[in-house]
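Below: the structure, in structure tokens.
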Amino acid sequence: MMTSPMGRSYWLIGAAFALVPQAASAQHEAPSSGDEASGDDIVITAARTILPPNALPLTIDLIDKQALDQQIAISGSVTDAVATLTPSFSPTRGKLSGAGETLRGRSPLYAINGIPQTTPLRDGSRDGFTIDGFFIDRVELIYGSNALQGVGGTGGIVNQVTVGAPRQEGVSGRALAQGTTADGFEKDGFGGKAAGLVQYKVGRFDATVGASYERRGAFYDAQDRRIGVNLTQGETQDSRATDVFARFGLEVGATGRLDLIANRYELNGDGDYVAIAGNRRTGLPTSAVRGNPPGTPAANRAEALSLSYTDTDLFGGNLVTQLFFNRTHDTFGGEVTFTPTFQDPALAPVGTLFDQSENRSRKLGAKASYERAIPGFESLVATIGFDALFDKTEQRLIATDRIWVPPADFRSLAPFAQANLRLFDGVVRLAGGARWENVQVRIDDFRTLASTTYDGRNAATYGGVAVTGGTPKFSDMLFNGGAIFEPVTGVRAYASYAQGFTMADIGRITRAIATPNVRLDDFLDIQPVVSNNREVGVELKRGPIDASTTYFWSSSDRGQLLIAQGNGIFEVQRQRVEIEGLEVSLAVQTPLPGLRVSTGYAHILGRYDSDRAPGDGVVDTDLDGTNISPDRLNLAADVASGPLTARVQTQFYLSRNFRGKANPNPDNNFGGYDVTDAQVRYQTKFGGLTLSAQNIFDRFYIDYNSDTRLPNDNFAFFAGRGRTFTLGWDMRF
């Protein structure tokens, strides 16, 4: 484990922060009696068990529907909501791409009803925008590396659970209408959203159908400038998004249920603006003016279909099965000046060739698990299961019809088993399990792109090498285990160890091969990332107090880092990575009627082995802002009085300097900033009226991602949004 100046004082910091209220309204759910969650308790489905969260040696948070809708109204998306409420989650980029956004310093696995949204072989970083938040009932967060949901999730799992089946006979539903504007009320800054959902239940059959449409205008910073557009990675501003959702259910017998869920989400950029370079030295951010960028605007389309059968009492146990199909098209924009990788003199004079890329992926998968107490030994609950995933992905240049990332077929087969032992009437629990991850990748022979850079006088051509394909196979037994001590209801301590498993971004790696005669069967850079996560935590949930402190540390011998290549392209490097951190949260229901105050704090330190000396294995350089989040303090206050509710929240992103043997560029040091948001809601018999304000003090700042990477790129120096208002109305019927 790495050491740091703060390492020895973590628990002192935790004790100090235990005196301050907690900010995140994401909340731990901890039913504390019996081996199964009661009918009123929410089961954390991402944990693959019906045991209550306090029976699991994990850090688990739940963002319920009320908190989720509140944050989406303020900031605009599920990803923004999770990032705002979770101190150890990176601040979002405010763009369509989530590249570099991490949880506990590693990539999270986004899932919808347990179905992975991440593409395992070529991460397009669009997995946070595959469904509209209107159709999400809650978000489950499991922190730290684990293999509960299969490939991915080295930083944790962000599982979005869709709206459930209707409970009452007849017709019911809800509707939403809202408008958004910057405080300058600029004409092109207006946006709006309309969404509706209708549910019908008769006897054993039920149906849910809904649709949403959202139009986002241009974003403005606190100095009333248009925020710059990232034409290549894509934007949520100046865009249109549509979503169609359907769920059909049938009760089978007394305890069985069949569910068919379909969703189609599409976000398309309007392409009304071109970027204007900023100036990092003077602090002038990138801006935008009206124009017609070349090619097709960046877009994202995700289509999903799943069929599940569950039975809560099959031979005394709980059966969960699922079949699913996912298809995504991630279209990236392009600009001649920013795409030297695409310049091939055989096609056009150097500096004149325009191109843009598109990720195309489709997944077919199955999941099954069965859980029950062991007959005659009811204190021991066992789970067995099997997951299968088949994925085919390629990245194509759509203007010239070239292959950038060759088509790759991925196959994962993974049986697993878990056990949970309840001792001394639940005072002590022991939990553990193993998962055998068996992965195969098939890539045919291919040739990398011939790429050319040009400095105005000289051209240098590279790439264009032949690569021998292959069918590399990887397998690993992944273990997890932990112990829980709960001497009295609502007070528990736990310690755990869990391994995570994910594929390296093979697409980025293979497209960058520049050495002739590489054979993929022998190419070490495509080996999977196996991370080891250890954590200890203490929780107190009694009366008006909800508090927790968690210390974690994780490592991976062949981690995966995004390293800027100086041409606007980030490539993957495989190096040893070590991360440690502290998370503290506390919420207090005050003696004042309806007033709840809260705070959350996260300190994260990550380092990597920059020189990769043989046999060295010593981490020597800080992870930069592309790979790790800043330290953060959240503060919030919630008030509820009759039909009126209100919330004020502030996120303090703390300054950080990056140091180490690799001499990180000091221009990428982070100065820190803070943002305060607020919302007021009044409930009437005709629905609820909500006024939300993001950045209410109109604080000007450069966002974390822009401030800590690409120090010489004045087209990637983005300010955060200034004061922005959203007025909404919603109702249930």
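The values are calculated or read from the model by the stated rules, or taken from the named source; none is laboratory data. Everything numeric in this text was worked out from a predicted model, so none of it was measured. Here the Cβ is made from the backbone with ideal geometry for all residues, glycine too, and neighbour counts use every protein chain on show. Only protein heavy atoms, including side chains, enter the accessible area calculation; ligands, DNA and RNA are left aside. Shrake-Rupley method; radii C 1.70, N 1.55, O 1.52, S 1.80 Å.
Among the listed residues Gly100, Gly124, which satisfies the condition of being touching a residue at least 60 places away in the same chain (Cβ under 8 Å), touching a Lys or Arg at 6+ places or on another chain (Cβ under 8 Å) and either aliphatic (A, V, I, L, M) or in a loop (DSSP other than H, G, I, E, B) (or both)?
Values: Gly124 fails: touching a Lys or Arg at 6+ places or on another chain (Cβ under 8 Å).
When all the criteria are applied, what remains is Gly100.
Return the pair list, or none, for Cβ contacts closer than 8 Å from residues in segment 509-532 that are of a type in the set (Gly, Ala, Ser) to residues that are surrounded by fewer than 18 Cβ atoms within 10 Å (Cβ to Cβ), at least 6 apart or on different chains.
Ala512/Glu571; Ala514/Tyr462; Ala514/Gly463; Ala514/Val465
If you take the residues of segment 622-648 that are closer than 23 Å to Arg93 by Cβ and among the polar types (S, T, N, Q), which of them is modelled with the lowest pLDDT?
Going through the qualifying residues, I end up with Thr626.
Of all the residues that make up segment 359-373, how many are open to solvent by less than 60 Å² (accessible area, probe 1.4 Å) and over 25 Å from the mean Cα position of the chain (by Cα)? Can you show your working first?
Here is the first cut: in segment 359-373, the residues open to solvent by less than 60 Å² (accessible area, probe 1.4 Å) are 359, 361, 363, 365-371, 373.
If we keep only those that are over 25 Å from the mean Cα position of the chain (by Cα) as well, we get 370-371, 373.
Count: 3.
Considering only segment 573-603, state which residues are in a strand (DSSP E or B), open to solvent by 30 Å² or more (accessible area, probe 1.4 Å) and more than 28 Å from Ala662 (Cα to Cα). Steps first, answer last, please.
Taking segment 573-603 as the starting set, the residues that turn out to be in a strand (DSSP E or B) are 573-589, 595-603.
With the extra rule that they be open to solvent by 30 Å² or more (accessible area, probe 1.4 Å), the set shrinks to 573, 576, 588-589, 595-597.
Across segment 573-603, the qualifying residues are Val588, Gln589, Leu595, Arg596, Val597.
Tell me, please, whether a residue that is among the β-branched types (Val, Ile, Thr) and open to solvent by 70 Å² or more (accessible area, probe 1.4 Å) can be found in segment 324-347. Step through it out loud before you land on a result.
Of the residues in segment 324-347, the ones among the β-branched types (Val, Ile, Thr) are 328, 331, 336-337, 339, 341.
Right, trim to open to solvent by 70 Å² or more (accessible area, probe 1.4 Å) and you get 337.
Yes, segment 324-347 contains at least one residue that is among the β-branched types (Val, Ile, Thr) and open to solvent by 70 Å² or more (accessible area, probe 1.4 Å).
Kindly provide the set of residues from segment 639-654 that are open to solvent by 30 Å² or more (accessible area, probe 1.4 Å), over 26 Å from Thr154 (Cβ atoms) and in contact (Cβ under 8 Å) with a residue 24 or more places away in the chain, ordered by number. Can you show your working first?
Here is the first cut: in segment 639-654, the ones open to solvent by 30 Å² or more (accessible area, probe 1.4 Å) are 639-646, 648, 652, 654.
From what's left, over 26 Å from Thr154 (Cβ atoms): 639-646, 648, 652.
Once the filter is applied, which keeps residues that are open to solvent by 30 Å² or more (accessible area, probe 1.4 Å), over 26 Å from Thr154 (Cβ atoms) and in contact (Cβ under 8 Å) with a residue 24 or more places away in the chain, segment 639-654 yields Val639, Ala640, Ser641, Pro643, Leu644, Thr645, Ala646, Val648.
Whether any residue in segment 306-329 is assigned to a loop (DSSP other than H, G, I, E, B) and in contact with a Gly (Cβ under 7 Å, 6 or more places away or on another chain) is what I want to check. Before you say what the answer is, go through the steps one by one.
Within segment 306-329, the first condition is being assigned to a loop (DSSP other than H, G, I, E, B), and the residues that meet it are 315-316.
Now drop any that are not in contact with a Gly (Cβ under 7 Å, 6 or more places away or on another chain), which leaves none.
No.
Are there any pairs, at least 6 apart or on different chains, whose C-beta atoms fall under 6 Å, with the first in segment 396-412 and over 14 Å from Thr510 (Cα atoms) and in a strand (DSSP E or B) and the second open to solvent by less than 10 Å² (accessible area, probe 1.4 Å) and aliphatic (A, V, I, L, M), and if so, which?
Phe410/Leu121; Phe410/Val441; Ser412/Val439
One line per residue, one yes/no per condition, for (1) more than 28 Å from Gly728 (Cβ to Cβ); (2) touching a helix residue (DSSP H, G or I) at 6+ places or on another chain (Cβ under 8 Å); (3) open to solvent by less than 40 Å² (accessible area, probe 1.4 Å); (4) assigned to a loop (DSSP other than H, G, I, E, B):
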residue	(1), (2), (3), (4)
Asp206	no, no, yes, no
Ala211	no, no, no, no
Gln223	no, no, no, yes
Gly228	no, no, yes, yes
Ala241	no, no, yes, no
Leu260	yes, no, no, no
Tyr265	no, no, yes, no
Val289	yes, no, no, no
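Can you tell me which residues in segment 144-163 are open to solvent by 10 Å² or more (accessible area, probe 1.4 Å), modelled with pLDDT of 95 or more and either assigned to a strand (DSSP E or B) or in contact with a Gly (Cβ under 7 Å, 6 or more places away or on another chain) (or both)?
Within segment 144-163, just Val161 meets the criteria.
Can you confirm whether Val244 is among the aliphatic types (A, V, I, L, M) and under 24 Å from the mean Cα position of the chain (by Cα)? Spell out the reasoning first.
Details: among the aliphatic types (A, V, I, L, M): yes; under 24 Å from the mean Cα position of the chain (by Cα): yes.
Yes, satisfied.
Checking Gly124 against (1) of a type outside the set (Ser, Thr, Tyr); (2) touching an Asp or Glu at 6+ places or on another chain (Cβ under 8 Å); (3) open to solvent by 10 Å² or more (accessible area, probe 1.4 Å): exactly one of these is not met. Which one?
With (1) of a type outside the set (Ser, Thr, Tyr); (2) touching an Asp or Glu at 6+ places or on another chain (Cβ under 8 Å); (3) open to solvent by 10 Å² or more (accessible area, probe 1.4 Å) applied to Gly124, the lone miss is (3).
For residues that are out of contact with any helix residue (DSSP H, G or I) (no Cβ under 6 Å at 6 or more places or on another chain) and not in a helix (DSSP H, G or I), scanning just segment 182-191, find the one that is most open to solvent (accessible area, probe 1.4 Å).
Quick first cut of segment 182-191, residues out of contact with any helix residue (DSSP H, G or I) (no Cβ under 6 Å at 6 or more places or on another chain) only: 183-191.
When the remaining residues are screened for being not in a helix (DSSP H, G or I), the result is 183-186, 190-191.
Working: Asp183: 38, Gly184: 41, Phe185: 119, Glu186: 37, Phe190: 102, Gly191: 19 Å².
Per the stated criteria, the residue is Phe185.
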